[in-house]
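Colleague: My questions will all concern the structure given below.
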């Protein structure tokens, strides 16, 4: 366990450094002169994910009676060390944010290769409408900047995901600004939630903006925790 924690800490430090490079703003003169290749925002918040040793919810969980546990929590995949590694183009549906006037394909992958295509979900996090936390990253200032105005979202604003399984409406429950090394952005629970995030402020890697969402049922009420 101690060795695992040390490995996670080392990985987190490496990812933070990688994120600072990927998010670093570029001078307009450099772009026009071709002195450097245009880089975009870091794809992730670079957290160490505080996951349990097993994805199965334990019978001793205080919120879950032993006789009613019947599901497996998602397990987020590790963030690639190479932000530009080749990533197959894959989509799982679409994301629509009426307040921001956007509707785009929902891609899969936490590399810049994937996020440059549009909003992209963290592999291994919950699927739209599922139990757990669906985590989606997007750019704010490059490649169309679909998440540029995340800070304009207010509590109660809908975010709609559509897949082959149906249409799932989430509502905003809060917005927060965190440090690049913030822990837990991709943590999973027995609630059906979603997390949108991007670099903050636009064009800077100084912090991250995180928007928290909860899934609504057909009556517009929050979906209760899975049992």
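Bear in mind that the values in this text are calculations on the coordinates, not laboratory data. Nothing here was measured: the structure is a model prediction, and the numbers come from that model. Backbone-built Cβ (ideal geometry, glycine too); neighbour counts: all protein chains shown.
Colleague: For residue 173 and residue 75, calculate 0.36 nm times their separation in residues minus their Cα-Cα distance, and state this gained length in nm to one decimal. Before the final figure, lay out the partial values.
Modeller: Values: separation 98, 0.36 × 98 = 35.28 nm, distance 2.32 nm.
Between residue 173 and residue 75, full extension yields an extra 33.0 nm.
Colleague: Output the peptides 114-122, 198-206, 90-98 sorted from most to least packed, where packing is the average of other Cβ atoms within 10 Å over each peptide's residues. Walk me through the numbers before you get to the answer.
Modeller: Numbers: 114-122: 23.9, 198-206: 19.7, 90-98: 18.1.
Answer by packing, highest mean first, reads 114-122, 198-206, 90-98.
Colleague: Shifting gears a bit: Suppose the chain between residue 217 and residue 84 were pulled fully straight at 0.36 nm per residue; how much longer would it get relative to their current alpha carbon spacing? Numbers along the way, then the final one.
Modeller: On the way: separation 133, 0.36 × 133 = 47.88 nm, distance 3.77 nm.
Between residue 217 and residue 84, full extension yields an extra 44.1 nm.
Colleague: Expressed as a rounded percentage, what relative contact order does the stretch 167-219 have, with Cα pairs under 8 Å and six or more residues apart?
Modeller: On the way: 87 pairs, mean separation 26.2, N = 53.
It comes to 50 percent, rounded to a whole number.
Colleague: While we're here: Considering the Cα trace of the stretch 114-227, what is its radius of gyration and what is Dmax, both in angstroms?
Modeller: My reading of the Cα-based Rg and Dmax gives 13.7, 42 Å.
Colleague: Hey, another quick one. In what order do 147, 161, 168 fall by count of nearby beta-carbon atoms within 10 Å, going from fewest to most? Show your work: numbers first, answer last.
Modeller: On the way: 147 29, 161 25, 168 22.
Exposure proxy ranking, most exposed first: 168, 161, 147.
Colleague: Please give the contour-minus-distance gain from residue 105 to residue 151: 0.36 nm per residue of separation, less the Cα-Cα distance, rounded to one decimal in nm. All intermediate terms of the calculation are to be shown ahead of the outcome.
Modeller: Numbers: separation 46, 0.36 × 46 = 16.56 nm, distance 2.10 nm.
Difference between extended and current length: 14.5 nm.
Colleague: Taking the Cβ of each residue in 208, 148, 176 as the centre, tally the other Cβ atoms inside 10 Å and list the residues starting with the fewest.
Modeller: Working: 208 26, 148 18, 176 13.
The fewest-first ordering by Cβ neighbours comes to 176, 148, 208.
Colleague: Sorted from fewest to most neighbouring beta carbons within 10 Å, what does the list 73, 216 look like? Let's see the in-between values first.
Modeller: On the way: 73 20, 216 16.
Lowest count first: 216, 73.
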